[in-house]
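Structure, as structure tokens:
The values are calculated or read from the model by the stated rules, or taken from the named source; none is laboratory data. All of these numbers come straight from a predicted model, not from anything done at the bench. Neighbour counts are summed over all protein chains in view; Cβ atoms, including those assigned to glycine, are modelled from backbone coordinates with ideal geometry. Just so you know, the surface numbers come from the protein's heavy atoms only, side chains and all, with ligands and any DNA or RNA stripped out. Shrake-Rupley method; radii C 1.70, N 1.55, O 1.52, S 1.80 Å.
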Amino acid sequence: MIGTGTTMGGLSQQNAEAARASLPVAAGGVVSGGVVSGGVVSGGVVSGGADSGGADSGGLVRRLVRVALPVPLGQSFTYAVPDALAHVRPGARVAVEFGRRRCLGVAVELTHELPAGVAPERVKPLLGVIDREPTLSAELLTFLTELARYYIAPMGEVLRLALPTLERTLAEQAQQSLGKKVHGVGQLVQVACALSASERPPGPPPAGRAAEVLALLDAEGPLELADIDLRVQSGRQAVKRLSALGFLTVEKQPRRRDPYFQSAVLRDQPKILNPGQARASSAITEALDTRKAASFLLDGVTASGKTEVYLTAAAHCRTQGRSVIVLVPEIALTPQLVGRFRARLGDEIAVLHSALSEQARLDMWRALKQGKLSVAIGARSALFAPVPDLGLLCVDEEHDPSFKQEEGVRYSARDMALLRAHRSGAVCVLGSATPSLSSELSVRTGKMRRLKLTERAHGTAVLPKVEVVDLRRYGPGPSGDALLSLPMHRALEQNLAEKGQSILFLNRRGFAPSLLCADCGHIATCPHCSVALTVHKRRGGHLSCHYCDHQQAISTHCVACNSARLLEEGAGTERIEELVLASFPTARVARLDRDVAGGLKSEQVLTRMRKGEVDILVGTQMVTKGHDLPEVTLVGVLNADSALSLPDFRAAERTFHLLVQVAGRAGRADRPGRVLIQTRCPEHPAIISAVAHDVDGFLEHEMRQREELGYPPYSRAALVRFDAVDEAEAVREARRLTAVATRAAPEVDALGPAPAPLARLRNRYRYQLFLRSAKREPLRRALLAVARSAPKGKVRVSIDVDPVSML
Ligand code: ADP
Ligand code: ZN
Ligand code: ZN
């Protein structure tokens with residue numbers, strides 16, 4: 001589904017009218033967000049069948065409450081508060097009737113004002129209040145309200161981001177709110193718990209190992225036996241002895257049902273920071289001590305010790321009794337980061353990841369809310385961790401496009417991290433080896449402070465040597481494939497001989513990106529999308545669409561001319577793996593891409609790599625993200641041009657980031673690394689800068705480019721997407737709403753409507769309108785005009801503020 005969050009297509013005419021009427025024009029002609037502050041609301045009012053059960057009618061001023069509901073309408077709805085439910089508070093979940101359905105919503109505001117033009121007797125009463133204590137803190141509710149306003153997204157959808165259980169049925173919710181504790185079927189583990197001084201036997205305490213164990217428990221609280229055994233030699237026996245003597249008890253407790261906590265980790269000690277780290281870290285702790293909002297860009301090459309700085313800051317924040325949120329691009333790919341936080345801060349950490357069960361998610365959510373866990377680590381959704389007193393928000397690899405959610409509410413977790421921290425007086429630290437242009441501009445305009453780490457943390461390690469292989473000059477190497485050129489082949493050969501590990505990076509999974517007819521040139525395409533089908537060879541082989549997951553058998557004949565001469569064109573990671581195996585029969589080869597790697601499976605490949613059981617790893621961008629692989633001494637980028645050719649003003653930036661990230665995999669520890677970049681445009685600035693490790697030079701060039709062309713971060717942009725099964729309808733609606741936008745804000749630069757680069761997806765034709773403006777206000781005015789002018793017919797419209805993907 002595309003843009004369900006801001007989709008307006010499915011509304012009945014009546015609701016569409018309501019939606020339109022409910023976006024008031026504030027003084028000065030600026031439309032206010034129409035979300036919570038809007039003040040005029042009508043959704044809870046259903047025409048006909050006035051139902052005043054419980055609520056008094058007549059002209060009395062009654063207590064009213066505005067409720068956000070998880071429905072695709074951009075505003076909250078007004079209900080009457082019956083006397084019996086007068087305890088309702090903003091932030092609490094409530095039960096209401098919406099249309100004919102019973103719905104759970106969140107109370108956002110208490111008021112006495114009726115929506116304009118709505119007769120009091122038509123306002124329905126609240127049916128129930130689920131939470132006596134607000135489920136969302138005032139801080140989080142305010143933040144979410146601002147987020148909804150910024151992205152012109154329905155408040156109900158935004159709440160869904162923060163309340164994973166909102167969609168559950170009323171009955172379940174009511175039960176849970178009664179405090180009925182649900183225990184999972186998790187495995188039980190033995191936990192040692194020290195008794196208090198008064199409960200312990202009189203006389204001298206035990207000496208030796210037992211004393212060590214006791215000291216550990218006194219210092220850190222209950223610990224799993226497995227953990228104790230790791231940390232104190234013969235820890236288990238010591239526990240047994242202490243238990244027999246009456247110093248502690250051993251209880252069985254449910255194991256944390258979470259793969260990130262399955263093995264115990266050794267606690268470590270803070271490292272002695274190098275001068276750069278020390279400066280960065282004291283700037284952050286000083287900011288924490290003032291308890292005022294501040295934001296920093298932690299700018300340092302891969303392995304310069306940024307994580308070490310987060311750890312120091314997090315530890316400091318915890319000593320203040322405040323909570324920490326750490327956002328990472330892909331939690332499944334960075335389990336060792338979780339390990340490092342556990343080692344430093346202990347297990348009082350919530351790891352929010354997609355493999356969690358609903359129950360586990362709820363448990364964690366509650367533990368965070370109650371302050372039992374004070375650190376939340378996760379991908380973008382961890383931004384909404386309901387921690388009571390947020391002190392520090394770290395965003396690792398802040399430039400990573402995956403912080404942008406591309407469906408539902410299209411928010412950027414990086415941007416919103418800055419907002420949440422700012423509003424709650426927390427410190428935000430954005431870390432990157434290749435800062436985003438947006439951060440760069442913030443630094444230049446003084447909104448953010450740069451903390452620079454100039455060296456790799458291990459003093460001896462040097463940056464790898466980067467060389468370009470011009471594919472126009474070199475033909476295929478011995479393997480016969482153009483992407484394994486002769487220099488690449490030689491480098492692999494040499495590195496194997498020297499017992500070094502190699503990584504080959506190619507941003508295409510599958511065997512071949514297309515199936516081409518040698519006679520008529522026809523390319524097999526997806527029946528539902530305007531995309532070539534990728535050839536996959538594993539498990540018997542099939543053709544697959546990487547956009548809609550359509551799969552079909554590999555054709556034997558061309559559908560256009562019936563020729564049997566079909567060519568598997570180009571190479572994906574599967575083919576490269578096969579070619580490498582054939583060229584280097586003695587090498588141990590592994591592959592890492594989405595076809596291999598779900599969740600922790602990727603970790604298995606990486607563990608083998610770390611243990612030295614793999615010589616050559618072939619993979620997609622999954623291999624580029626933050627893995628500590630110290631033995632890698634050769635990195636080959638097979639095709640640097642694939643990202644350059646995308647129809648996107650950020651293509652150069654993406655390519656540069658990717659190249660620097662992947663090059664950073666080489667030569668971490670004490671061994672120098674070598675990086676080979678294959679390209680057909682070696683003179684491109686992104687490639688020249690990547691080869692020279694010239695981050696500043698690239699930023700300089702690209703900033704100038706964007707400024708000249710008026711692209712973000714020097715302007716504000718938005719993308720309005722239209723899609724429909726019927727192409728003519730999509731076009732008509734796109735044209736109409738483009739006119740609406742330009743009428744509302746003539747000063748906004750409107751490009752389009754034009755067919756989207758991915759012109760058809762899942763049987764729907766796609767058009768888009770790119771809007772750009774030097775200032776945010778006119779752009780917002782245009783977008784609100786679009787949002788208000790609900791589309792007619794079956795066209796879906798979605799608004800993407802600060803778009804990242806242009807497809
Ligand atoms: P980054 O997050 O910038 O990639 P890390 O924090 O992961 O860098 O540091 C890279 C490596 O250097 C890690 O193995 C880390 O333990 C080590 N390291 C970081 N800081 C120090 C330090 N001050 N002293 C010794 N080793 C350090
Ligand atoms: Zn053909
Ligand atoms: Zn498809």
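Details
- The slack between E406 and L230, meaning 0.36 nm per residue of separation minus the straight C-alpha distance, is 59.1 nm.
- Within the full protein context, the accessible area of F384 is estimated at about 10 Å² for a probe radius of 1.4 Å.
- Distribution of pairwise C-alpha distances over the range 482-587, 10 Å bins, in %: 14, 39, 27, 16, 4, 0
- Straight-distance crosslink candidates among aspartates and glutamates, where the alpha carbon sits under 16 Å from K465 and sequence neighbours closer than 8 are dropped: E455, E631, D670, D694
- Total formal charge among the other residues, if their Cβ is under 15 angstrom from that of A587, Lys/Arg +1 and Asp/Glu -1: -2
- Contour excess over end-to-end distance, with Cα ends at D519 and R89 and 0.36 nm allotted per residue: 147.7 nm
- Converting phi to 3J(HN,Hα) with the Karplus coefficients 6.51, -1.76 and 1.60 and the offset θ = phi - 60°, the range 546-562 yields 7, 9, 10, 6, 4, 10, 8, 5, 5, 5, 9, 10, 5, 6, 8, 10, 6 Hz in sequence order, with x at every glycine or proline.
- Largest to smallest accessible area among K404, K372 [probe 1.4 Å]: K372, K404
- Residues of the range 495-532 falling in the label zone of E569, defined by backbone nitrogen less than 14 Å from a point 7 Å along Cα to beta-carbon, are 512-526, 531-532.
- Computed from the C-beta positions of E498 and T607, the FRET efficiency with R₀ = 22 Å rounds to 0.45.
- Sequentially through the range 645-662, phi angles give Karplus couplings (6.51, -1.76, 1.60; θ = phi - 60°) of 8, 5, x, 7, 5, 9, 4, 5, 4, 4, 4, 4, 4, 4, 5, 5, 4, 5 Hz, Gly and Pro residues having no value and appearing as x.
- Treating r as the C-beta distance of N763 and T445 and R0 as 45 Å, the FRET efficiency rounds to 0.50.
- Each label point was placed 7 Å from the Cα along the Cα-to-Cβ direction; for R594 and H528 their separation is 1.4 nm.
- What the phi angles of the range 319-329 give under the Karplus curve with 6.51, -1.76 and 1.60, with θ = phi - 60°, is a coupling list of 5, 7, x, 9, 9, 10, 10, 10, 9, 10, x Hz, glycine and proline written as x.
- Estimated inter-spin distance, A728 and A367, nm [label 7 Å along Cα→Cβ]: 5.9
- Length gained on full extension, R279 to M703, computed as 0.36 nm times the residue gap minus the Cα-Cα distance: 149.9 nm.
- The Cα atoms of the range 275-423 give a gyration tensor whose axes a ≥ b ≥ c have a/c under 1.5, which makes the shape rounded.
- Shape metrics for the range 593-704, restricted to C-alpha atoms - Rg then Dmax, Å: 14.9, 46
- Residues with amide H under 5 Å from that of V429, placed H, sequence gap 5 or more: F296, L393, C394, V395
- For the range 188-240 and the range 439-508, distance of Cα centres in Å: 49
- Shape of the range 671-720 from the C-alpha gyration tensor: prolate (a/c of 1.5 or more and a/b above b/c, with a ≥ b ≥ c the square roots of its eigenvalues).
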